[in-house]
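What follows is a single structure, written as structure tokens, with notes after it.
Each value in this text was obtained by applying a stated rule to the coordinates, not by laboratory testing. Given the structure is predicted, the values throughout are model-derived calculations rather than measurements. With ideal geometry, Cβ positions are generated from the backbone for all residues, glycine too; neighbour counts draw on all protein chains shown.
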Amino acid sequence: MQREKVRQAYGSIANLYIDLFGTSQQVDPDDLAFIGRHLAGQPGTVLDLGCGPGHLTGYLRSLGVDARGIDLVPEFITHAQAAHPGVEFHLGSFEHLDVPTGSVDGILAWYSLIHLPPPEFDGVLSEFRRAMAPGGRLVLGFFDADEIGPFDHKVVTAYRWPPDDVSERLGRAGFREVERQQRPSEGGHRPHAAIAAVAEQRRAG
């Protein structure tokens, strides 16, 4: 199962990953601004899905957001709880969120869907929409590309996505794109994309 492969792969290099990416100071300032612009104003709970070491959960908390982190990897959750006391972090999967329907006001999935096989992508977006209240904000970060395709990520196989394709899938799931960010490859970093979307009111009938 892909989820178990991802959990084991990240668990095996958790300490190295934390050293490389474990603080918000190691995140591009433009990315922090994009995340904050769309999630800082949300009045209720914001879930940081695939929170890793908890650095972005902590960043959102510093902006006054009621942010909570969820991740598959026990080593990340243990670190996040120690590094950010008083913040809720839980083991879990974004495929089946343990929250009531319409109870969440924001979701951050920053590079946490990159290992998801394309056939499973739409189902996860639908689960995000189920959990989110109308008007809630979703922020996704992912690897940019001209077409969907796998590549040999340093940890475990990952996938690139064209932003237009992601936006179309978001629309089918009940979200509307409100802002897009793209950055070309530079300094050894792969092309980056991010999309912020709002959960639209579901139509009756």
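So here's what we get for this one:
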| quantity | calculated |
| --- | --- |
| Region 119-131 - phi-based ³J(HN,Hα) in whole Hz, Karplus 6.51/-1.76/1.60, Gly and Pro as x | x, 9, 5, 5, x, 5, 4, 5, 5, 4, 5, 4, 6 |
| Only Lys, Arg (+1) and Asp, Glu (-1) charged, at Cβ; region 54-205 dipole about Cα centre in debye | 340 debye |
| Built amide H within the under 5 Å cut-off of His153, gap 5+ | Ala158 |
| Inter-label distance for Ala82 and Ile148, nm, one decimal - labels placed 7 Å from Cα along Cα-to-Cβ | 3.9 nm |
| Per-pair calculated FRET efficiency, R0 = 22 Å: Ser185 and Leu20 via Cβ, rounded to 0.05 | 0.75 |
| Cα principal axis extents for region 68-184, largest first, Å | 41, 37, 25 |
| HN-Hα J in Hz across region 74-83 - Karplus 6.51, -1.76, 1.60, θ = phi - 60°, x for Gly and Pro | x, 4, 5, 5, 4, 5, 4, 5, 6, 6 |
| Share antiparallel - DSSP beta bridges, region 2-199, percent rounded to 5 | 50 percent |
| 222 nm mean residue ellipticity, helices alone, for the chain (DSSP H n ≥ 4; -39,500 (n - 2.57); rounded to 500) | -10500 deg cm²/dmol |
| Phi-based couplings in Hz for region 94-104 (Karplus 6.51, -1.76, 1.60; Gly and Pro marked x) | 6, 6, 9, 6, 8, 9, x, 4, x, 9, 10 |
| FRET E, pair Arg202, Val27, Förster distance 25 Å, beta-carbon r, rounded to 0.05 | 0.15 |
| Percent RCO, i.e. relative contact order, over the chain, from Cα pairs under 8 Å lying at least 6 residues apart | 17 percent |
| Beta bridge orientation in region 76-186: antiparallel %, DSSP, nearest 5 | 30 percent |
